[in-house]
Amino acid sequence: MEARETKDLVTQTYRSLYQAGTSPTLPVLGGKDMARTLGYPESVLHDVADGLWRRFFPCGNPLPCLQVLPGQRVLNAGSGVGLDAFFLMRMQAFSGTVVNLDISHEALAFGFQAQPMLWNGLGHLFWVQADAERLPFSAHSFDWVVMNGAFNLFPCKDTLVRELARVIVPQGGLVVADLARTGPLPHECIQEEAGWAWCLNGAETPERIVHLLESAGFGEVQFREWVCELEPFWRTVFTARKGSSP
């Protein structure tokens, strides 16, 4: 399947999920129980309405790796309904700016509707519908970029990583929670195109991830978490820092 077709498949799958939410007949991993399993603090979980939980599809918990200083700017790329932004603002003494960016207007609409209830007074928050491969921001716009369950949805990761590097300030940070693989992609995944939507077909090896990041100007690549889901797939949170040169 061509890259354009893959992106269209992923986009339409998530638009449908955000429109309907998960249900017992559509057992997509996500929601409050998964957030609790991933280590999100209990103190912030009870404030989120069920409708938002049914539209929360994380691959990990990137927040412990985000050390945001006062006044800094964070891009939450592939944000969905924006719950990671809410958790970040609640868990840290946050006085900066967060931009929730997603290609699905359905996701952004649900998050935006919840803003008065969840985000009121927590900091500057913006919602942008755009493709992370073509970000509508000038260079060096953000101190941090975070992606949770979105990195593997992009078939052209070299394009994605270069674009993320473009908008991050020198010495800025990248934090990604997603699946990686320690061996070849299983044949059944290759045969099943829907695996792209579940972050399976787009999973890369650690060596490939390091190569992608270093080629785009990142360094200090670290894998902060490494949990086996089902061989060869491992849940991971990896971080990197952009170099000092523009």
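FYI, it's all coordinate maths here, none of it is from the lab. Not measured: the values here are computed from a predicted model. Cβ placement follows ideal geometry from the backbone for every residue including glycine, while neighbour counts extend to all protein chains displayed.
Give the residues of segment 68-84 that are within 20 Å of Leu160 (Cβ to Cβ) and either in contact with a Cys (Cβ under 9 Å, 6 or more places away or on another chain) or of a type in the set (A, V, I, L, M, F, W, C) (or both), sorted by residue number.
The answer is Val74, Leu75, Ala77.
Assuming Pro155 fulfils every condition listed in (1) more than 29 Å from His46 (Cα to Cα); (2) surrounded by 24 or more Cβ atoms within 10 Å (Cβ to Cβ); (3) touching a residue at least 60 places away in the same chain (Cβ under 8 Å); (4) not polar (S, T, N, Q) apart from one, which condition is it?
(2)
Go through (1) surrounded by fewer than 19 Cβ atoms within 10 Å (Cβ to Cβ); (2) within 23 Å of Asp8 (Cβ to Cβ) one by one and return the number of the condition Glu207 breaks.
Status for Glu207: all satisfied but (2).
Of everything in segment 67-83, what is farther than 18 Å from Leu135 by Cα and in contact with a helix residue (DSSP H, G or I) (Cβ under 6 Å, 6 or more places away or on another chain)? Give them in sequence order.
Val81
Give me the pairs: first residue in segment 159-180 and buried (at least 22 other Cβ atoms within 10 Å of the Cβ), second residue in a helix (DSSP H, G or I) and of a type in the set (A, V, I, L, M), beta-carbon distance under 7 Å, and six or more apart or on different chains, which are they?
Partner pairs satisfying both residue conditions: Val161/Leu212; Val161/Leu213; Leu174/Leu164; Ala180/Ile209.
For residues in segment 110-125 being among the aliphatic types (A, V, I, L, M) and touching a residue at least 60 places away in the same chain (Cβ under 8 Å), which is surrounded by the most Cβ atoms within 10 Å (Cβ to Cβ)?
Leu118
Condition test on Val128, is it closer than 25 Å to Gly217 by Cα and surrounded by 15 or more Cβ atoms within 10 Å (Cβ to Cβ)?
no
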